[in-house]
């Protein structure tokens, strides 16, 4: 028969921290505290994440508007006037069809086009939370705001400056 080795002060044989022999795992209270803390973190971070996603959508819409602006300038060089619609720019292979795809959160349209002026819009679609319209004119100026439940909150951060 073997003898146990010398006991170290402060440690009991066969017990783990917490006092009960063979206790493993977490108590229900400990699990609930962790779940509550995770819930608070989620409640704080989810709105910020959604706003960041919407800002990226608005920036992409502004980039698409600038693509149409450049395409309109090329079209005017060749034809002497601006294209009346996006289909005309697509037929001239100046704009990719992906700009008008239904999977994007914005709907794009050329609102007016004359010999020396045009206006193109990107309207937020498919959301009950976000709404608004961004427009670009022949000078490359993007204006508009995207609203969250009717409160203006996002302007595109990706803006082109002529010069």
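The values are calculated or read from the model by the stated rules, or taken from the named source; none is laboratory data. Just so we're clear, the structure is a prediction, and the values are computed from it rather than from any experiment. Because the Cβ atoms are built from the backbone with ideal geometry, glycine has one as well, and the counts that use them run over all protein chains shown.
Taking the stated definitions as given, is residue 147 closer than 25 Å to residue 47 by Cα, without any contact (Cβ under 8 Å) to a residue 40 or more places away in the chain and not in a strand (DSSP E or B)?
no
In the list 112, 121, which residue meets the criterion of being modelled with pLDDT of 90 or more, assigned to a strand (DSSP E or B) and crowded, with 17+ Cβ neighbours inside 10 Å?
121
Condition check: surrounded by fewer than 10 Cβ atoms within 10 Å (Cβ to Cβ), at pLDDT 90 or above, out of contact with any strand residue (DSSP E or B) (no Cβ under 6 Å at 6 or more places or on another chain) and over 30 Å from residue 135 (Cα atoms). Does residue 29 satisfy that? Even if it seems obvious, please write down each step before you answer.
Details: surrounded by fewer than 10 Cβ atoms within 10 Å (Cβ to Cβ): yes; at pLDDT 90 or above: yes; out of contact with any strand residue (DSSP E or B) (no Cβ under 6 Å at 6 or more places or on another chain): yes; over 30 Å from residue 135 (Cα atoms): yes.
Yes: the conditions hold for residue 29.
What residue, of 60, 86, is closer than 24 Å to residue 143 by Cβ, at pLDDT below 95 and within 21 Å of the chain's Cα centre (by Cα)?
60 is the lone residue from the list that is closer than 24 Å to residue 143 by Cβ, at pLDDT below 95 and within 21 Å of the chain's Cα centre (by Cα).
Can you tell which of 98, 153 is on the phi < 0 side of the Ramachandran plot, surrounded by 12 or more Cβ atoms within 10 Å (Cβ to Cβ), modelled with pLDDT under 90 and not in a loop (DSSP other than H, G, I, E, B)?
153
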